[in-house]
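Every read-out reported here was derived from the displayed coordinates using simple, explicitly stated rules and does not represent laboratory data. Note that the structure is predicted; figures quoted are calculated from it, not measured. Virtual Cβ from ideal backbone geometry, glycine too; neighbours counted across all protein chains shown.
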Amino acid sequence: MTPRPEIPTPGDPPVGGDWAVGFAWGGRRVVVDTTGDEIRATGEDGEDLAADLPGLVGVTRGLVLDGEVVALDGQGRPAPDGTDTLTVADLLHADGEDLCDRPFDERRARLEALDCGPGTLVPPVFTDVAPAEVLAVARRHGLPGIVAVRRTALYRPGRRSPDRVCATVPGRLGTYASMRDFTVTPEPTGGAPEPGEPIFVVQRHRARRLHYDVRLEVDGALASWAVPRGPTLDPAARHLAVRTEDHPMDYAFFEGVIPAGQYGGGDVIVWDRGTWRPARTEDPAAALAAGELHADLVGEKLAGRFVFVRRADDGGRKEQWVLVHKRDDDAVDGWDPEAHPRSVLSGRTNDEVAAAPAAMWQSGAPAATAEVPLAGPTRPPRPRRPRTSSPPSTPWGPPARGPSAAGTWP
Ligand code: MN
């Protein structure tokens, strides 16, 4: 007999413990059984859905799968006119063997080794990303929420399980409002913004070259600089800051991967965030235009007064600025940003995000839709380009560029 789906327990994103977290896709929850002559599909109330879901005909035989049927577009995003797809989250039976009394991790490992057939996807689950972070990604994309499963949990067909927690996105705030909701990320430690205070963010971005993107909210956009050596509290440092184009607010708290070959291809973490206030001026846009901006930052790593000063025009296409920290109460001699490598959103390093990103940024897409939560088929981590200053050996690779070259640091 086809098992009924295990029922999730609504709740907040779990904290601590060993959870595997995936997106809820807003589709029709179903257990699909292809072990018999006919494909069976059973909903959460035990209803027979097979007749409603003709797209299941391609599912590999001999399996019992737990998932959702949802219409997805070509990029794996839910879309009303998309293709009906079974997003598979769990494996209950395979090779003639009932797996319900096996721990989730084992079921997942077997699932990920399978080909479930055309019309199916196995979206990733995240075991080293905080559930609240996955929920934040869901929220930014209009997905209804997340499902977290305890990695040691057995499957309880038809029963409500405390080991399967669904957390839903509360309401549909605009992108901007949701980015400002710091409560959905764990342990905000300072820099909690007052409503209306402009934000700043620093992303550590490993593209062709490592750099830190320092971004200040000015008039609804993110004034941006690429700082190869990073911002520092060290008042003796004078770090080059290459002015880059303003970025949309949608990008502020992006953390994930930008596909290789796209503008800025590489991995990105939110290295610091907080709020800032202009000093010595009421009009930061005018100060930027004049080439000198004093900014008081209140972040989780950075604090105190930073000064951005534009260098004399050297004829290059991108403006070169210098970033310094004033010798104030927040200054720390010898402070090294590379000694503080973790994301303030997820606690992860660039390496860890690159290995298991929760989201991807499509550089060519409009900002509002450029970030996509990763659906299946899971993209393997891209091979990392060796760190070298010599030109690439292939003719289609990018030319080697110095730090001052235009377009090097998006
Ligand atoms: Mn960048």
- Item | Alpha carbon centroid spacing (whole Å) that separates segment 199-216 from segment 217-242 | 9 Å
- Residues Lys326, Lys301, Lys318, sorted so that the one with the fewest Cβ neighbours within 10 Å comes first: Lys326, Lys318, Lys301
- Note on the structure: Calc'd 3J(HN,Hα), segment 223-239, phi into Karplus 6.51 cos²θ - 1.76 cosθ + 1.60 (θ = phi - 60°), Hz, glycine/Pro = x, comes to 5, 9, 9, 9, 10, x, 8, x, x, 9, 7, 6, x, 7, 7, 10, 9
- Indicate the gyration tensor shape class of segment 7-168 (rounded, prolate or oblate), computed on the Cα atoms with a ≥ b ≥ c the square roots of the eigenvalues: a/c under 1.5 is rounded; otherwise a/b larger than b/c is prolate and the rest oblate. oblate
- Radius 11 Å from Cβ of Ala286, net charge of other residues (Lys, Arg +1; Asp, Glu -1): -4
- By count of other Cβ within 10 Å, fewest leading, how are Glu282, Glu292 ordered? Glu282, Glu292
- Item | Label-point separation, Arg238 to Thr9 (7 Å along Cα→Cβ), nm | 6.1 nm
- Query: Tell me, what is the percent relative contact order of segment 194-373, built from C-alpha pairs under 8 Å that lie six or more residues apart?
  - Reply: 25 percent
- Message: Modelling each spin label as a point 7 Å along the Cα-to-Cβ direction, I'd like the Glu38/Asp219 distance in nm, to one decimal.
- Response: 6.6 nm
- Find how much the distance from Ala355 to Glu292 grows on full extension, using 0.36 nm per residue of separation minus their present alpha carbon separation; answer in nm with one decimal. 18.8 nm
- Alpha carbon centroid spacing (whole Å) that separates segment 336-356 from segment 2-67: 35 Å
- Whole-angstrom gap from segment 69-89 to segment 254-328, using each part's C-alpha centre: 39 Å
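Report the FRET efficiency, 1/(1 + (r/R0)^6), for Gln362 and Arg311, where r is their Cβ-Cβ distance and R0 is 41 Å, rounded to 0.05.
Numbers: r = 33 Å, r/R0 = 0.81.
It comes to 0.80.
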- Pair Arg159, Val322: separation of 7 Å Cα→Cβ label points (nm): 6.9 nm
- Distant-in-sequence amide H partners of Val218 (H built 1.01 Å from N, under 5 Å): Ala223
- Sequence of Met360, Met1 once ranked by neighbouring C-beta atoms within 10 Å, starting from the fewest: Met1, Met360
